[in-house]
Amino acid sequence: MKPVRPAALVDVGRYPMDNLDGPSGTEFLASCRSELQEKSICVLEGFVKPHALAGMVKETRALIPLGYYYDRPRTSYEGNDYVDRNWPSDHPRTVEHTNRYRQVLNYQIPNDSLVRSVFHWPALTEFVRRILGFDTLYTCACPHLALTLQIAMEGDSNGWHYDSNNGNITLLIQEPDSGGEFEYVPGLREDHDEHYDDVRAVFEAPRRHARRTDIRPGTLVLFNGKYALHRVAPVGPTKRPRIIAIFSYDRRPDKLFSRDYIDMVRSFRQDAETGLNPRP
Ligand SMILES: O=C(O)CCC(=O)C(=O)O
Ligand SMILES: [Fe+2]
């Protein structure tokens, strides 16, 4: 197989990732930073070129049967699937949301895949580093969770939550026929105030209180989810699953996720229905 040049997969004419110090690169960085700061989200539509995206759809669909079927309700708060019973039973802290999708882990994604070559592209890591404002940034070293795919079929959802850190980077590879939108509420909580009544309102009427994105496949999204409540809405009837790649970075070159967490993820079944139909 020919080595893949990541710069040929990405629309570098539109997004000057390989020339961040040039005038257009400086302007590009500034606009990404301000989008992220003002809206908690920076959306780079058409980041991956159509031919590369078609290749990614093909290669990631083939990996779906390997995925671990993560099916464990989550609360919105730290610890995800741990419910702190010190809080009343109808409190936002104890409300559990459907959290269900297949997860293909890093080591299951081939080294020569297109999605991995974009993830490991040094220009992308440098771009993310500059946007997030860190002195150092590395692609995560975890053999299990550095690069993952989340695949959502009908009824699957990544329930309302906050991330433990800002700076979640995703690449949407395939969208479902209905549902599966990314919904979020920027700045819903603050360090000194969780604004629980507002959280309740979002749970009760997401369409009224949350922003809903219409992200097309091929889009790179940078998202600050530490203070912005967010979810992937349940996928509706669909012939094809939602497929998203999650790129994980760390300020240290040796970041590994905990053994307990990895053991949990790997304990999930791999024999669930894939829901894959022949493409129309
Ligand atoms: O699938 C997505 O669009 C976002 C996933 C997410 O919120 C997360 O990985 O924390
Ligand atoms: Fe998240």
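Comparing Gly67, Gly180, Gly13 in a Gaussian network model of the chain where C-alpha atoms under 10 Å apart are linked, the largest mean-square fluctuation is found at Gly13. Shown here for region 9-86: chymotrypsin sites (Phe, Trp or Tyr not before Pro) in loop regions (DSSP other than H, G, I, E, B) with at most 12 other Cβ atoms within 10 Å, namely Tyr82.
Cross-link partners for Lys39 among the lysines, with Cα-Cα distance under 28 Å and sequence neighbours closer than 8 places in the same chain left out: Lys49, Lys226. Charged neighbours of Glu45, selected by a Cβ distance under 13 Å, balance to -1 (K, R count +1; D, E count -1). Report note on the peptides 52-58, 133-139: ranked by the mean count of other C-beta atoms within 10 Å, highest first, their order is 52-58, 133-139. Per residue, the convex hull spanned by the Cα atoms of region 45-199 measures out at 154 cubic angstrom.
From least to most packed, judged by other beta carbons within 10 angstrom and beginning with the fewest, Trp121, Trp160, Trp87 follow the order Trp87, Trp121, Trp160. Bridgeable lysines around Lys239 (alpha carbons under 21 Å apart, same-chain partners fewer than 8 residues away excluded): Lys58.
If you look at the Cα atoms of region 132-280, you get an Rg and a Dmax of 16.6, 51 Å. When peptides 216-225, 109-118 are ranked by their average number of other Cβ atoms within 10 Å per residue, the highest-first order is 216-225, 109-118.
Distance between the C-alpha centres of region 177-194 and region 136-171: 15 Å, rounded to the whole angstrom.
Near Gly179, the amide H atoms lying under 5 Å from its own belong to Gly236; only residues 5 or more places off or on other chains count, and H is placed 1.01 Å from N.
Sorting 240-248, 193-201 by their mean Cβ neighbour count within 10 Å, with the most densely packed peptide first, gives 240-248, 193-201. For region 87-92, the Karplus equation 6.51 cos²θ - 1.76 cosθ + 1.60, evaluated at θ = phi - 60°, returns couplings of 8, x, 5, 9, 7, x Hz by residue, with Gly and Pro reported as x. Region 26-49 and region 215-280 have Cα centres separated by 21 Å. Sorted largest first, the principal axis extents computed over the alpha-carbon atoms of region 6-267 equal 53, 40, 37 Å.
The ranking of Met264, Met153 from fewest to most other beta carbons within 10 Å of each one's beta carbon is Met264, Met153.
Read-outs throughout are calculated quantities, based only on the coordinates presented, and are distinct from any laboratory measurement. Because the structure is predicted, anything quoted here is derived from the model rather than measured. Neighbour counts are summed over all protein chains in view; Cβ atoms, including those assigned to glycine, are modelled from backbone coordinates with ideal geometry.
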